[in-house]
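Trainee: Shown below is the structure under consideration.
The values are calculated or read from the model by the stated rules, or taken from the named source; none is laboratory data. Remember, it's a predicted structure, so these values are computed and weren't measured experimentally. Cβ atoms come from the backbone with ideal geometry, glycine included; neighbour counts cover every protein chain shown.
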Amino acid sequence: MIKSITKIGNSQGIIFDSALLQLARLKVGDEVNVEVHAGGTITIAPMEPAIIEPEQAAETAKRLIGKNSELFRRLS
């Protein structure tokens, strides 16, 4: 997924749409660990990984795929 860095007030940032946040199991206010690696790669990881039951994961995946079917079709 390609994102652009945009100006947000006096700072710069990347906007994460709701589908991306749902896939990463993140929400507004969650704390994340940001690391910059050799070569400039940046990783963003939740501070406390969410524990999700298989049934809940399957239901969430079905809902997201149904809601974003056009997006997934273009990405494939």
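Trainee: Criterion first (within 19 Å of K3 (Cα to Cα), surrounded by fewer than 11 Cβ atoms within 10 Å (Cβ to Cβ), at pLDDT below 90 and of a type in the set (G, A, S)) does S76 satisfy it?
Mentor: So S76 fits the description; yes.
Trainee: Just one of the numbered conditions (1) without any contact (Cβ under 8 Å) to a residue 40 or more places away in the chain; (2) farther than 18 Å from K3 by Cα is not true of I44; which one?
Mentor: For I44, the failing item is (2).
Trainee: Also: Taking L20, is it in a loop (DSSP other than H, G, I, E, B) and either surrounded by 10 or more Cβ atoms within 10 Å (Cβ to Cβ) or out of contact with any helix residue (DSSP H, G or I) (no Cβ under 7 Å at 6 or more places or on another chain) (or both)?
Mentor: Here the answer is no, as L20 does not meet what is asked.
Trainee: Just checking, how many residues over the range 28-72 are surrounded by 10 or more Cβ atoms within 10 Å (Cβ to Cβ), part of a loop (DSSP other than H, G, I, E, B) and at pLDDT 90 or above?
Mentor: Number of matching residues: 1.
Trainee: With the condition kept exactly as written, say whether any residue in the range 18-38 is closer than 18 Å to K3 by Cα, hydrophobic (A, V, I, L, M, F, W, C) and in contact with a Phe, Trp or Tyr (Cβ under 9 Å, 6 or more places away or on another chain).
Mentor: Yes, the range 18-38 has at least one match.
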